[in-house]
Structure formats: C-alpha cells, structure tokens
1. For the structure I just gave you, tell me whether Arg111 is surrounded by 16 or more Cβ atoms within 10 Å (Cβ to Cβ) and either part of a helix (DSSP H, G or I) or not assigned by TED's automatic domain parsing to the domain that holds Leu160 (or both).
2. Which numbered condition trips up Leu152, out of (1) without any contact (Cβ under 8 Å) to a residue 40 or more places away in the chain; (2) outside the structural domain of Asp170 (by TED's automatic domain parsing)?
3. Pick from Leu149, Leu159: which is touching a helix residue (DSSP H, G or I) at 6+ places or on another chain (Cβ under 7 Å) and closer than 30 Å to Lys96 by Cα?
4. From the list Leu41, Leu51, pick out the single residue that is assigned by TED's automatic domain parsing to the domain that holds Gly73 and under 22 Å from the mean Cα position of the chain (by Cα).
5. Here are some residues: Trp26, Trp72, Trp36. Which one is surrounded by fewer than 15 Cβ atoms within 10 Å (Cβ to Cβ) and outside the structural domain of Arg105 (by TED's automatic domain parsing)?
6. Are any residues in the range 1-23 surrounded by fewer than 17 Cβ atoms within 10 Å (Cβ to Cβ), under 18 Å from the mean Cα position of the chain (by Cα) and among the hydrophobic types (A, V, I, L, M, F, W, C), and if so, which ones?
7. Looking only at residues in the range 125-174 that are more than 26 Å from Met109 (Cβ to Cβ) and outside any helix (DSSP H, G or I), which one is nearest to the chain's Cα centre (by Cα)?
8. Of the residues Glu89, Glu53, Glu106, only one is surrounded by fewer than 16 Cβ atoms within 10 Å (Cβ to Cβ), of a type in the set (Asp, Glu) and out of contact with any Cys (no Cβ under 6 Å at 6 or more places or on another chain); which?
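The values are calculated or read from the model by the stated rules, or taken from the named source; none is laboratory data. Being a predicted model, the structure only gives us computed values, none of them experimental. Here the Cβ positions follow ideal geometry from the backbone for every residue, glycine too, while neighbour counts run over all protein chains shown.
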Amino acid sequence: MSSEDEELRAAELRVADAIGGLMEFWGFRRAMGRLWTVLYLSAEPVPAAELSERLHMSVGAVSMAVSELQKWGVVRRTWRPGDRRDFYEAETSIWKMVSRVFRERELQMVRQAADDFVAAESVLLAAAKRATGDRKRTLRFMSDRMSQLLALARLGEALLGALVSGEPIDPGPIQTFFLGKKG
C-alpha cells in the first residue's frame, strides 16, 4: 500500500472512530458506527472480509455489527454477479436513519414514560382522596410534580412526532414550558 493510500486509510479510520464515538454516545455499539462509516465512505459495496481488514476487527465482530445495522435498516447486503461473497453498502440518507431511531426508540421511550406517569399519578390522586392533613398535602405536592413530568413527556412526544414526520417545530410550547412565557 502506498503512503498516500495509508494516509487515506488513516483518515477513514479517524472519521470511523469519530462516528463510532457518536454512535456509542447515542447508545449503540461503537463498532456499528465505525462499520457504517466505512461503508458510507465507500463508493462501492464492500465484502465482510475487507471490512474486517480495514477496521482491524474480527470477522465475527463484523458479522455481529452488520446484522445489527441491517436490523436498523442502515446497511443492506448486495451481490455482484459471478462473486459468491456478500457485499454491504450503507444507507446514505442520514435523516432516514436518524428519524427511524427517533421513531422506534426515543419516541417509544417517551410514550412509555408518559404511560408510567399517568399510572403513578392516578395512584397518587386516589391516595390523596383518602388522606388527611400533612399526608394529603404531600400527596398533592407529588401529584402536582407528576403532572409536570407528564406535561414534559407529552411535549417531548409532540416534538419527536413532529420531527420524525417532517412537520415544522413550533418553539412556543418549549418556551412556555421551560421559561413560562410565549416566544
């Protein structure tokens, strides 16, 4: 390999490591981000053995990462006529990938949290009806705080829903919630 090719591979690995770090921060395995990056930067589909070599990863680690990336729809398997190997290429629409993660992971998490807040709030309200004195005040205080958490979850759900559907995001509700004023 020429020194220029080595420099290009070093630059590719630097970008792969940076994306891998971002992916890890976002809750995915670093190897997934590194592998996707190499495919994204490749003009042609790449076979698994070459991915292993370029990323200094075992064939098994490449296989696991490819499988996970395929489940998320960000890598797809392709073939070349006359070649028995599997080749892989990256999804190139960054927005498509990010919006899928928001829709299938973050939005579901926010919805589950909202459901949990509703259930907890109903328990608190029922207990407050039966309570007296300081206990009643404490339960009402907790219920008020739970209502704020639920409002935040609903705001998050609305924002994520608008984001993944491509609708414009109105900053007014965010400003009202956090700052108590309209924009």
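1. For Arg111, the condition - surrounded by 16 or more Cβ atoms within 10 Å (Cβ to Cβ) and either part of a helix (DSSP H, G or I) or not assigned by TED's automatic domain parsing to the domain that holds Leu160 (or both) - is met.
2. Result: Leu152 fails condition (2) only.
3. Leu149
4. Testing whether each residue is assigned by TED's automatic domain parsing to the domain that holds Gly73 and under 22 Å from the mean Cα position of the chain (by Cα) leaves just Leu41.
5. Residue meeting the stated conditions: Trp26.
6. Ala18, Leu22
7. Filtering first and then ranking leaves Ala131.
8. Unique residue meeting the criteria: Glu53.
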